[in-house]
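*Asks:* Starting off with a structure, shown below.
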Amino acid sequence: MSSNPRFIMIGGFLGAGKTTTIGRLAKHYQSLGKRVGIVTNDQATDLVDTNLLRSQGFDVGEVAGSCFCCNFNELTRTVERLGSDQRPDIVIAEPVGSCTDLVATVIRPLQQIYEQPFDIAPYGVILKPSHGLKILRKQGKGGFSPQAEYIFRKQIEEADFIILNRIDELTVDAIAELSSLIEQNFPGLPCIRMSAVTGQGFDAFCEYLDLSGDFGTRTMDVDYEIYAVGEAELGWLNAQVGLKSQTPFDLDSFAIRLLEEINSSLSAHEAEIAHLKAIGMADGNYAVANIVSSSSSAKLSIGCGSTVLAADLVVNARVAADPELLTNTIRSTLRSVCQDFGVEETVNTLQCFRPGRPVPTHRLAGTE
């Protein structure tokens with residue numbers, strides 16, 4: 001393998017399981033004695049993923065305020081800051097889940113413009129089963145809208161390989177159906193079946209990432225008008241909240257209850273969830289919960305396991321809803337749940353908007 005840092009980017013739609021995958025992958029490389037740096041990405045600050053990965057002891061930089069492709073220079077500066085003391089052997093990048101065209105706007109510019117050479121790993125895109133089945137079956141309304149479905153398909157089209165994640169949640173028949181649909185829609189594209197939670201199939205995933213060759217070359221035509229409309233389908237909310245109580249409250253139960261109540265309120269407005277995440281942080285303990293679709297229930301991925309008197313809470317919501325509706329729903333639901341738990345809340349920051357049109361810093365669609 002090259003002595004240059006290995007650059008691994010893991011793509012996939014919102015709620016596909018990128019952060020869980022990256023956390024397991026970083027631990028894997030650390031177990032091999034590798035120095036690992038992680039770069040997360042979001043359209044706004046206050047990112048659950050960044051807090052979650054840092055809570056696991058990883059060196060994490062965040063590119064906030066725009067996607068990697070639209071802020072390429074900040075991506076490279078963040079990578080350099082990660083290596084300020086000692087250059088990482090592995091850099092793992094997690095792009096925004098609603099982004100595509102990342103080979104032409106991130107990987108190829110890293111190869112051709114950025115002065116520090118990288119050893120580029122195969123570009124893997126994680127498929128979210130619930131989302132993938134709706135789209136690939138071509139039955140009725142698939143991915144929020146035709147424009148958002150366009151993004152989903154383009155994400156897979158440019159991948160060197162696809163990761164069918166969350167197989168621990170699927171039946172044998174569902175895995176077989178998804179595998180068949182992937183082959184029908186994207187013939188010849190390698191597919192790894194994996195559970196980032198249990199580790200099933202993870203060795204095969206790592207073996208594929210460690211392949212050497214000419215990867216990150218599957219550039220494609222992208223209609224940026226359709227792409228922009230697809231991204232703008234989603235309301236994007238990030239909030240940072242302080243929680244205080246006179247009596248101890250269960251942080252795990254609070255996180256689960258909050259997301260369940262938000263989901264219920266949004267469902268009443270027929271506002272479909274792409275991903276809803278919350279992390280509660282108290283005295284070095286963490287409660288992390290998420291919902292990956294309106295039809296699924298909240299799951300606790302990391303438990304605090306204790307009661308607390310105070311905590312910092314970060315909520316990220318990606319929902320097919322008007323930003324005003326999304327803001328009002330989360331504020332009112334937070335207030336209601338806090339009252340039930342006897343907790344006083346202070347909303348320190350709250351950003352809610354629709355993503356703007358993507359304008360890449362560089363776009364290198366050809367090959368040299």
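The values are calculated or read from the model by the stated rules, or taken from the named source; none is laboratory data. From a predicted model like this one, the values you see are computed outputs, not experimental measurements. Positions of Cβ are backbone-derived with ideal geometry, glycine not excepted, and every protein chain shown enters the neighbour counts.
*Asks:* Hey, can you tell me all the residues within the range 90-123 that are hydrophobic (A, V, I, L, M, F, W, C) and part of a strand (DSSP E or B)? If you could, list the steps in order and put the result at the bottom.
*Replies:* Start the filter on the range 90-123 by keeping residues that are hydrophobic (A, V, I, L, M, F, W, C), which leaves 90-93, 96, 99, 102-104, 106-107, 110, 113, 118, 120-121.
Within the range 90-123, 90, 91, 92, 93, 120 meet the criteria.
*Asks:* Follow-up. Looking for something in a loop (DSSP other than H, G, I, E, B) and acidic (Asp, Glu) - is there at least one such residue anywhere in the range 149-166? Show your work before the answer.
*Replies:* Going through the range 149-166, the residues in a loop (DSSP other than H, G, I, E, B) turn out to be 158-160, 165-166.
If we keep only those that are acidic (Asp, Glu) too, we end up with 158, 160.
So far as the range 149-166 goes, yes, one or more of its residues are in a loop (DSSP other than H, G, I, E, B) and acidic (Asp, Glu).
*Asks:* Taking residue 126, is it under 21 Å from residue 319 (Cβ atoms), within 17 Å of the chain's Cα centre (by Cα), aliphatic (A, V, I, L, M) and in a helix (DSSP H, G or I)?
*Replies:* On the way: under 21 Å from residue 319 (Cβ atoms): yes; within 17 Å of the chain's Cα centre (by Cα): yes; aliphatic (A, V, I, L, M): yes; in a helix (DSSP H, G or I): no.
For residue 126, the condition - under 21 Å from residue 319 (Cβ atoms), within 17 Å of the chain's Cα centre (by Cα), aliphatic (A, V, I, L, M) and in a helix (DSSP H, G or I) - is not met.
*Asks:* Considering only the range 325-355, state which residues are touching a Cys at 6+ places or on another chain (Cβ under 9 Å), under 27 Å from residue 231 (Cβ atoms) and not β-branched (Val, Ile, Thr). Explain how you work it out, then say what you get.
*Replies:* Our first condition is that a residue be touching a Cys at 6+ places or on another chain (Cβ under 9 Å); within the range 325-355, this holds for 326-327, 330, 344-345, 355.
Within this subset, residues satisfying the condition of being under 27 Å from residue 231 (Cβ atoms) are 326-327, 330, 355.
Result: 326, 355.
*Asks:* Pick from 278, 321, 274, 311: which is over 23 Å from the mean Cα position of the chain (by Cα) and not assigned by TED's automatic domain parsing to the domain that holds residue 57?
*Replies:* Details: 278 fails: over 23 Å from the mean Cα position of the chain (by Cα); 321 fails: over 23 Å from the mean Cα position of the chain (by Cα); 274 fails: over 23 Å from the mean Cα position of the chain (by Cα).
Unique residue meeting the criteria: 311.
*Asks:* In addition: Has the range 250-268 got any residue that is part of a strand (DSSP E or B) and modelled with pLDDT of 95 or more?
*Replies:* Residues of the range 250-268 that are part of a strand (DSSP E or B), as a first pass: 250.
The next check asks that each one be modelled with pLDDT of 95 or more; those that pass are 250.
Checked against the condition, which is being part of a strand (DSSP E or B) and modelled with pLDDT of 95 or more, the range 250-268 yields at least one hit.
*Asks:* Quick one: in the range 69-122, of everything that is in contact (Cβ under 8 Å) with a residue 40 or more places away in the chain, surrounded by fewer than 21 Cβ atoms within 10 Å (Cβ to Cβ) and charged (D, E, K, R), which residue is farthest from residue 34 (Cα to Cα)?
*Replies:* Only one residue tops the list, namely 119.
*Asks:* Is there a residue in the range 23-43 that is within 10 Å of the chain's Cα centre (by Cα) and hydrophobic (A, V, I, L, M, F, W, C)? Full working, then the answer.
*Replies:* First pass over the range 23-43, keeping only residues within 10 Å of the chain's Cα centre (by Cα): 40-42.
This time we only want the ones that are hydrophobic (A, V, I, L, M, F, W, C), so: none.
No, the range 23-43 has no match at all.
*Asks:* For residue 70, are the conditions met, namely being in contact with a Pro (Cβ under 6 Å, 6 or more places away or on another chain) and either over 20 Å from residue 158 (Cα atoms) or assigned by TED's automatic domain parsing to the domain that holds residue 134 (or both)?
*Replies:* Numbers: in contact with a Pro (Cβ under 6 Å, 6 or more places away or on another chain): yes; either over 20 Å from residue 158 (Cα atoms) or assigned by TED's automatic domain parsing to the domain that holds residue 134 (or both): yes.
Criteria met by residue 70.
*Asks:* Determine if the range 154-172 includes at least one residue that is basic (Lys, Arg) and within 18 Å of the chain's Cα centre (by Cα).
*Replies:* So in the range 154-172, the residues basic (Lys, Arg) come out as 154, 166.
Among the residues that remain, those that are also within 18 Å of the chain's Cα centre (by Cα) are: 154, 166.
There is at least one residue in the range 154-172 that is basic (Lys, Arg) and within 18 Å of the chain's Cα centre (by Cα).
*Asks:* On to the next question. Quick one: in the range 186-229, of everything that is part of a loop (DSSP other than H, G, I, E, B) and β-branched (Val, Ile, Thr), which residue is farthest from residue 132 (Cα to Cα)?
*Replies:* At the first step, the residues of the range 186-229 found to be part of a loop (DSSP other than H, G, I, E, B) are 186-190, 194-201, 210-223.
From the residues that got through so far, the ones that are β-branched (Val, Ile, Thr) too are 197-198, 217, 219, 222.
Working: 197: 19, 198: 21, 217: 24, 219: 22, 222: 20 Å.
Filtering the range 186-229 for residues that are part of a loop (DSSP other than H, G, I, E, B) and β-branched (Val, Ile, Thr), the one farthest from residue 132 (Cα to Cα) comes out as 217.
*Asks:* Mind checking which residues of the range 294-311 are touching a residue at least 60 places away in the same chain (Cβ under 8 Å) and in contact with a Gly (Cβ under 7 Å, 6 or more places away or on another chain)?
*Replies:* Looking only at the range 294-311, we keep the residues that are touching a residue at least 60 places away in the same chain (Cβ under 8 Å), and these are 295-296, 301-302, 308-311.
311 - this is the single residue of the range 294-311 that is touching a residue at least 60 places away in the same chain (Cβ under 8 Å) and in contact with a Gly (Cβ under 7 Å, 6 or more places away or on another chain).
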